[in-house]
Amino acid sequence: MADSPSAQVPLEWVVPDEPAAGATRVRDFFARTYGEEPAGAWFAPGRVILMGDHTDYNHGLALTTATPHGVWVAARARDDARLRIANEAAADLEGPDDVWEGSVEVQDVDGARGWPAFIAAAVWALTERGYTGCGLDVAVTSSIPVGAGLGGYGAALVATTRMADALWRLSLHNPSGQAEITDATIDAERAITGTHVGGIDQVSASCGADGDLTELDFRGRRPSVRAFPLPLSTYGLCLLVTESRIPFVPTRGEFSTRYQECAAAASDLGVPSLRDIADGSDPMRALAAVKDARVRRRARHVVSEIERVRVVERALSELGPAQDRFTAMGKAMFRSHASLAAEFDVSVPAIDAAVDAAWEAGAVGAKMFGAGLGGSSVALVRRTDKERIAVRIRDAVVAAGHPTPRFLTA
């Protein structure tokens, strides 16, 4: 049974590690596990999708911002080809509770099933591109809650490739090398999950900077990235993330179904991707040619979501009154959630309850984000209202019979 709401019960906040503390934590975990010090520690951040959910594999646009929460990887080179991986959160994840052992040379995705796969596959994806190196002892820690839908798997993949780049001396820390790392991590997740992920998590983890907004354009073979300031604090605003405690599972078949439905819509319309429709003169009218009603709803979400990305970009770049600009952004967030819930069918009742409660409590905007069917929602709120709105969200979610949510700021 769900907890009883009470204003006297403290909110549960997920606090990120400070950079120095995060590096120390993963180094200490490595030393406890392997009995020696690591050669270094590497970090990649999680992400919040402010707008652009399920647009990446449709060659669309998305807006993301990096979180201070992320994944740390510590490692040390070996004098053989063994690959050993330990995860501080192993007990809470699918997979072995102890150190997983394999090889940097022998690829066995099935053998690395569960949490080790996201580390091992990143290493193997590099070897498939001709990059080779010695064996590795690896330790992983994370301040991203398990199943929160904050891009933790993508962050783990990126942090691992950064580690391998350093210890194998690959010299990939340049623009073309970063693109190679992004490609490798996307291939790795596709191999693990069996789904055609678009790469939004990996690109965000590679390019995102805390406090910035990153525009990702997936039109080309490789995503193009443009970063610009997200001046929320200047105007007394912040992003409040509500973790539903209903975990996102990356291998669920629904993701592949949505991909196939979007591809079917593009095929009906005679275009390579739904981005071609979104960039047309009358996209909603064009969608009438999609035969199946359910497939048409999927396409309608993607096309309208790409337009909402542009609405938010215009709102943030214009010079009008801040209240008007952020109100426009907030309206786009609420509309995005409605579309994800009704057109794309990827929300869940606990997240719907959180978004509704945020609206009723006076949030500027709120929406689910990520692949959906679990994970988190994000609300744009006034910083002085953050605690009050979080209490309202918690109490409404619990009163509706859902798990007690946790909160974090991004």
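List of remarks:
- Its DSSP H runs of at least 4 residues, each contributing -39,500 (n - 2.57), put the calculated 222 nm mean residue ellipticity of the chain at -13500 deg cm²/dmol, to the nearest 500.
- Hypothetical label at residue 108: residues of segment 144-163 whose amide nitrogen lies under 20 Å (7 Å Cα-Cβ projection): none
- Potential extension, residue 171-residue 314 segment - 0.36 nm per residue separation minus Cα distance: 47.7 nm
- Given a 1.4 Å probe and the protein chains as shown, residue 29 ends up with an accessible area of around 30 Å².
- Potential lengthening of the chain between residue 37 and residue 77 amounts to 13.3 nm, from the contour at 0.36 nm per residue minus the alpha-carbon distance.
- Placing unit charges on each Cβ (+1 for Lys and Arg, -1 for Asp and Glu) gives the chain a dipole about its Cα centre, and among 354, 179, 244 the Cα reaching farthest toward its positive end belongs to 354.
- Straight-distance crosslink candidates among lysines, where the alpha carbon sits under 16 Å from residue 331 and sequence neighbours closer than 8 are dropped: 367
- By a 1.4 Å probe calculation restricted to protein chains, residue 171 has an accessible surface near 70 Å², given to the nearest 10.
- Highest-first arrangement of 50-63, 131-144, where packing means the average Cβ count within 10 Å: 50-63, 131-144
- Backbone phi angles across segment 91-100, fed through the Karplus curve with coefficients 6.51, -1.76 and 1.60 (θ = phi - 60°), yield HN-Hα couplings of 5, 9, 10, 5, x, x, 7, 10, 5, 8 Hz in residue order; Gly and Pro are listed as x.
- Gain upon complete extension [residue 99, residue 146; 0.36 nm per residue less C-alpha separation]: 15.0 nm
- Phi angles across segment 228-234 convert, under the Karplus curve 6.51 cos²θ - 1.76 cosθ + 1.60 with θ = phi - 60°, into 3J(HN,Hα) values of 8, x, 10, x, 5, 5, 4 Hz, Gly and Pro given as x.
- Heavy-atom accessible area with a 1.4 Å probe sorts 331, 291, 386, largest first, into 291, 331, 386.
- A simple charge model with +1 on the Cβ of Lys and Arg, -1 on the Cβ of Asp and Glu and nothing else charged puts the dipole of segment 8-95 at about 220 debye relative to its Cα centre.
- Tensor-based shape of segment 272-386 (alpha-carbon gyration tensor, a/c under 1.5 rounded, otherwise prolate or oblate): oblate
- Projecting label points 7 angstrom from Cα along Cα→Cβ for residue 221 and residue 294 puts them 3.6 nm apart.
- Dipole magnitude of the chain about its Cα centre (Cβ charges: Lys, Arg +1; Asp, Glu -1), debye to nearest 20: 1040
The values are calculated or read from the model by the stated rules, or taken from the named source; none is laboratory data. Keep in mind it's a predicted model, so treat the numbers as computed, not measured. Every residue, glycine as well, gets a Cβ built from its backbone with ideal geometry; the counts of neighbours run over all protein chains shown. In case anyone asks, the SASA skips ligands and DNA or RNA and just uses the protein heavy atoms, side chains included. Shrake-Rupley method; radii C 1.70, N 1.55, O 1.52, S 1.80 Å.
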